[in-house]
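Report on the following structure.
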Amino acid sequence: MAHLTRETDRMTINLDTRQGIILVRQRWFYNWIVGPGATPWTQGQRRAYHARFEAAILRSWNNRATIRASGTSDLARGMAGRSFSVRIDVQWVLGHGHWTVTVKKLPVGVFDVSKVNWAQRRIWLDTNDLTARHFARGGVRTRQVPVAHEFGHSFGNVPQRGHGDEYRADSQYRRDVRSIINVGDTLRPRHFDHLISELNQMTPGTRFVMDTVR
């Protein structure tokens, strides 16, 4: 069995046992809008922004974690001792998206409120969400590219799945300012909890656990 696929409302998970890859693909259906003071979108600009959004997400999330499997199933025994790399793919689709992504075009230096609604499967971004933001919290300086942070929410880091924004006063991870779900750009094993949960529903007798994160 070289491939196993799990289709969910928010992502498609493909387990390639031959290549040792777990591919997580999200399909994004875009809604392109124009904010005050911005010019209309061109098709070339839409293509460029999708490519730049995906590139920023991949820099932060792609090939940065590995996962192991154990258990009593034939699949688990065949994967024993192996680590599987987590790969990310974000596709622009014209229908049947996992996520409806509204992108507001804004003048340079103007920011809107970007967010993810897990229940509605909606993401709101603006054209300045590719610009790194810098923070100083508790004597620690961090940087973060907003679109990579928001992707983390669509990846399952939301209150409904146990932990959302970590910079909030009520978060147990508030002091971990380097975390990408806080105000930094560093991944933690907990950021893959939802993926692990989905993987553990793919085949009986197989248990997936985090291996490494970098």
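Quick note: the coordinates plus some simple rules give every number you see, no bench work behind them. Worth saying up front: this structure is predicted, and the values here are computed from it rather than measured. Reconstructed Cβ throughout: ideal geometry from the backbone, glycine too, with neighbour counts over all protein chains shown.
Side notes on the structure shown:
- In a simple Cβ point-charge model (Lys, Arg +1; Asp, Glu -1; nothing else charged), segment 83-214 has a dipole of about 280 debye relative to its Cα centre.
- Counting charges near residue 52 (Lys, Arg +1; Asp, Glu -1) among other residues having Cβ under 12 Å from its Cβ returns a value of +1.
- Each peptide in 30-42, 163-175 was scored by the mean count of other Cβ atoms within 10 Å over its residues; highest first, the order is 163-175, 30-42.
- Ranked by the mean number of other Cβ atoms within 10 Å of their residues, highest first, the peptides 121-128, 96-103 fall in the order 121-128, 96-103.
- Dipole of the chain, positive end: most advanced residue of 140, 48, 38 [Cβ charges, Cα centre]: 140
- Cα long-axis angle, helix 43-61 against the chain (0 to 90 degrees, to the nearest 10): 50
- When shorter helices are ignored and each DSSP H run of at least 4 residues is given -39500 (n - 2.57), the per-residue value for the chain at 222 nm works out to -5500 deg cm²/dmol.
- Placing one equal scatterer on every Cα of the chain and applying the Debye formula, the log10 ratio I(q)/I(0) at q = 0.16, 0.19 Å⁻¹ is -1.10, -1.41.
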